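What follows is one structure encoded as structure tokens, with my remarks underneath.
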Amino acid sequence: SVNQNGLIVSWNKASEELFRHKREILGQPITELLYTTEESDYISNMILQVFEGKTFDINELILKSKDGTKKYMMVRLYPLIGNEEKIYACVFTATDLTERKKIELALRKSEELQRALFTSSVDPILITDINFKTIAANPALEKLIGYSSDELRRNTFPPHSSFDPHLVEEWIEKCKTGKGVSGYETIILSRKGDHIPV
């Protein structure tokens, strides 16, 4: 909790463990915990409004521990009300989102890597839905058959080529169960009418 000037007046054990500050933090401004100084005015203004009886929920606020480590937090600010409805302090309660944030960032990097591999691969790659309708085609496939991704998205892949429908149904059923299919050889037609063995 902090006073009207934003100075920390109480600090519990969970805060000690998370931020690595002990009692030396008491009397220090809460803004010292902010990872960027740009948010100082924003938080200070909220504290003043809490002393007027308001409550705030912040979905994500980046704080820092004693060693400078980023802590992603979901924070609630609310008034501590005592006798005669007097507001004694602004209380901060927080939920640590740091691990979840790390996972989100890792997933984002993974997705970016997959996109890069998809785009830069020399092997033609096609993604379809379970009805064999094209979702995405990489540049290598566009070059091979002479159709753009937009054109392919309007068709069942590949245009003017035929796959055994029973075989396609078998593939779809295997994909639904998480299994893959490989080693199938066929001929597809390019825009120019070339027969391309794949």
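Odds and ends about this structure:
- Full extension of the segment from ASN12 to ILE127, taken as 0.36 nm per residue of separation minus the current Cα-Cα distance, would add 36.2 nm.
- Charges were assigned to the Cβ only: +1 to each Lys and Arg, -1 to each Asp and Glu. The resulting dipole of the stretch 3-83 about its Cα centre is roughly 320 debye.
- For the stretch 82-123, the residues whose amide N sits under 11 Å from a probe point set 7 Å from the Cα of ARG76 along the beta carbon direction are 92-95.
- Distance between the modelled labels on ALA140 and SER182, one decimal in nanometres: 1.4 nm (7 Å Cα→Cβ projection).
- Spin-label model distance (nm) - THR37 vs GLU173, 7 Å beyond Cα toward Cβ: 6.7 nm
- Cross-link partners for LYS192 among the lysines, with Cα-Cα distance under 27 Å and sequence neighbours closer than 8 places in the same chain left out: LYS133, LYS143.
- Within the accessible area of the stretch 82-198 (1.4 Å probe), percent carbon and sulfur: 54 percent
- Computed from the Cβ-Cβ distance with R0 of 35 Å, the FRET efficiency linking PHE51 to ARG115 stands at 0.15.
- Two-site FRET efficiency, GLN4 against ASP96, from Cβ-Cβ distance with R₀ of 35 Å, rounded to 0.05: 0.85
- Net charge dipole, the stretch 65-198: roughly 540 debye, given to the nearest 20, about the Cα centre with Cβ charges of +1 for Lys and Arg and -1 for Asp and Glu.
- Each of ASP194 and GLU24 was given a label point 7 Å from its Cα along the Cα-to-Cβ line. The distance between the two points is 7.1 nm.
The values are calculated or read from the model by the stated rules, or taken from the named source; none is laboratory data. Keep in mind that what you see is a predicted model, and the values were worked out from it rather than measured. Please note: Cβ atoms are built from the backbone with ideal geometry, for glycine as well, and neighbour counts cover all protein chains shown. Only protein heavy atoms, including side chains, enter the accessible area calculation; ligands, DNA and RNA are left aside. Shrake-Rupley method; radii C 1.70, N 1.55, O 1.52, S 1.80 Å.
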